[in-house]
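Here the structure comes first, spelled out in structure tokens, and everything after it is commentary.
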Amino acid sequence: MTKNIVWLVAGAPVLAIALYLVLGAPAALDPAATIPEQAAHSVTAEQIEQMIAKLAKRLESAPDDPEGWAMLGRSYAALERFKEAADAYKEAVKRVPADPQLLADYADALGMAQGRSLKGEPGRIIARALAIDPDHFKSLALAGTAAFEARDYPAAVRYWERLVQKIPPDSEFAQSIAGSLAEARQLAGGTAPAAKAQSPR
């Protein structure tokens, strides 16, 4: 299998966790709510673990908080604790079932937790996300990966070509996916139609 398969496990800035715990979800998710860079570098691995444990404890007593569960999922994913990340995203999705980003993050973490495979439940979750938003960036990327894994190379090409239409061609991600797309096209035997060029949004 290609080494270029697209995986997009989401991380979380560690100090976003601290902001969330102190100020709540709106402040943690606000790009304007920043902390000096030197403060970020002063946070130790032990402090990060403590912040995540504190967030998990808070959610035990106040579970009706999808933003908190999503933050916990991103935090666990950043630490490569993918089973716990998937469990946290599952709780977020229970409370906000029609959010394609949450669904994609859940599928991604679950796939990593089951040995970097999107077979089964992760693939079904991705399909749910695309049913809600057929142009959702991360869901298209993962759908292409799932199709490639299933050796449905024409489908992988279709998903990834739709994806690259939506991003600047000189972007880092466009360059990283180029190898996967080229390999899928080759394995598809040239049977998959090329997408029409389109200006990135």
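The values are calculated or read from the model by the stated rules, or taken from the named source; none is laboratory data. Since this is a predicted model, take the numbers as computed values, not measurements. Heads up, the Cβs are rebuilt from the backbone with ideal geometry, glycines too, and the neighbour counts pull from every protein chain shown. Ligands, DNA and RNA are excluded from the accessible area calculation, which covers all protein heavy atoms including side chains. Shrake-Rupley method; radii C 1.70, N 1.55, O 1.52, S 1.80 Å.
General remarks:
- As a rough guide to protection, the peptides 140-153, 81-94, 166-179, 121-134 ranked by mean Cβ packing within 10 Å, highest first, stand as 140-153, 81-94, 121-134, 166-179.
- Taking the 1.4 Å solvent-accessible surface of segment 78-149 as the whole, the part contributed by carbon and sulfur is 53%.
- The dipole here belongs to segment 63-143: it is taken about the Cα centre, uses +1 on the Cβ of Lys and Arg and -1 on the Cβ of Asp and Glu, and is about 340 debye.
- Counting lysine pairs in segment 72-201 that sit 8 or more residues apart in sequence, or on different chains, and whose Cα atoms lie under 25 Å apart gives 11.
- Theoretical gain in end-to-end length, ALA45 to ILE167 [0.36 nm per residue, Cα-Cα removed]: 40.5 nm
- Surface accessible to a 1.4 Å probe, per residue, for the residues of segment 49-201, Å²: 50
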